[in-house]
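The values are calculated or read from the model by the stated rules, or taken from the named source; none is laboratory data. This structure is a prediction, so every number in the text was calculated from the model and none was measured. Positions of Cβ are backbone-derived with ideal geometry, glycine not excepted, and every protein chain shown enters the neighbour counts. Note: accessible area is taken over every heavy atom of the protein model, side chains too, but ligands, DNA and RNA are not part of it. Shrake-Rupley method; radii C 1.70, N 1.55, O 1.52, S 1.80 Å.
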Amino acid sequence: MPNPVRTVDRQVWRDGSRSCSARLIPEETALALTYNGGTYAVMMGTPQNLRDFAVGFSLSEGIVQSPDDIDSLDIVELEDGIELRMWLKGSKAELVNERRRHIAGPTGCGVCGIDSIAEAVRPAAVVLEGRSFSPHEIMAAIAAIAPLQQINIETRAVHAAAFWTPARGIMCLREDVGRHNALDKLAGALAQAKVAAGEGMVLLTSRVSVEMVQKAAAMGAPLMSAVSAPTALAVRMAEASGITLVAIARADGFEVFTHPERIAAGVHAKEAAYVA
């Protein structure tokens, strides 16, 4: 499997002089998702945690409702990319044949190739339950991401999606050059570990677009917190889906755009522990 980080030579111009050195940069690879022998999507992404990506993408697209619906999953390295070959059980195979589309997704693309406006802005799942969080917990959670971003520490060029709970801190973190891919990887990892997303919050190092809300809702996450701002459509989607949307999140504060009733003063964060 390709290394997710590469070393390249470079010239550096600063203060009117030139120097030569090496730099670490993230790899970017074509990832083809195939079901029962047919290609459904081709995305550009980081060649790491690909089983998580395949499962999470399948869940967020509604192709499967559980990892158990995937009969087999093979990761096949080709000359010009990597194929994630999945075979589905029974009725799921028929469903994907009806919905199959061929898309070429540039890095970070979440809805490329969808052939109808209705599909692009389809209603998200409704999150009815989920615990409350204190302001301190939200700030502690967002501050805990950076030290765990191994690829970003080396390259300063990838996004992360993480899952945090009061009892265990950041339980899982996934990175990718594409923000949608990072969230799909996180969803796949949690689903395979049978972790209930309703017990914690999803954290993003990117902006919040409508597809990110749709993916978080499919996971059942009651709160998502991002370091950047949301789009207006993302806010409307989060309001309709019952998700508490927190953005512009920093170590010293944040902004709440939807469902502020889940922000409860007086609850204190427990010690964080990265376990996945």
Taking the dipole of the chain about the Cα centre (Lys, Arg +1; Asp, Glu -1; charges at Cβ), the one of Pro67, Val5, Leu190 that reaches farthest to the positive side is Val5
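Just for the stretch 115-252, what percent of DSSP beta bridges are antiparallel, to the closest 5?
The answer is about 60 percent antiparallel.
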With +1 assigned to the C-beta of every Lys and Arg and -1 to the C-beta of every Asp and Glu, and no other charges, what is the dipole magnitude of the chain about the Cα centre in debye, to the nearest 20?
480 debye
Would you mind telling me the antiparallel percentage of the DSSP bridges in the stretch 24-102, rounded to 5?
75 percent
With all protein chains present and a 1.4 Å probe, the order of Trp164, Trp13, Trp87 from largest accessible area down is Trp13, Trp87, Trp164
Taking the alpha-carbon centroid of each part, what is the distance from the stretch 1-70 to the stretch 211-227 in angstrom?
21 Å
Two-decimal log10 I(q)/I(0) for the chain, as the Debye equation yields it once each C-alpha is a single scatterer, q = 0.09, 0.10 Å⁻¹
-0.42, -0.52
Grab the DSSP H runs of the chain that are 4 residues or longer, score each as -39,500 (n - 2.57), total them, divide by all residues and round the 222 nm result to the nearest 500 deg cm²/dmol.
-7500 deg cm²/dmol
Convex hull volume of the stretch 160-276 per residue (C-alpha atoms, cubic angstrom):
95 Å³
What size of dipole, in debye to the nearest 20, comes out for the stretch 1-95 about its Cα centre when the only charges are +1 on Lys and Arg C-beta atoms and -1 on Asp and Glu C-beta atoms?
500 debye
Compactness check, the stretch 44-101: C-alpha Rg relative to the 2.2 N^0.38 Å globular estimate gives 1.13
Normalised per residue, the volume of the convex hull around the Cα set of the stretch 10-51 (Å³):
89 Å³
In vacuum, with every alpha carbon of the stretch 1-95 counted as one equal point scatterer, what does the Debye formula give for log10 I(q)/I(0) at q = 0.16, 0.20 Å⁻¹? Two decimals, please.
-0.68, -0.93
Could you check what % of the DSSP bridge pairs in the chain are antiparallel, to the nearest 5?
70 percent
What whole-number value in Å² describes the accessible area per residue of the chain for a 1.4 Å probe?
45 Å²
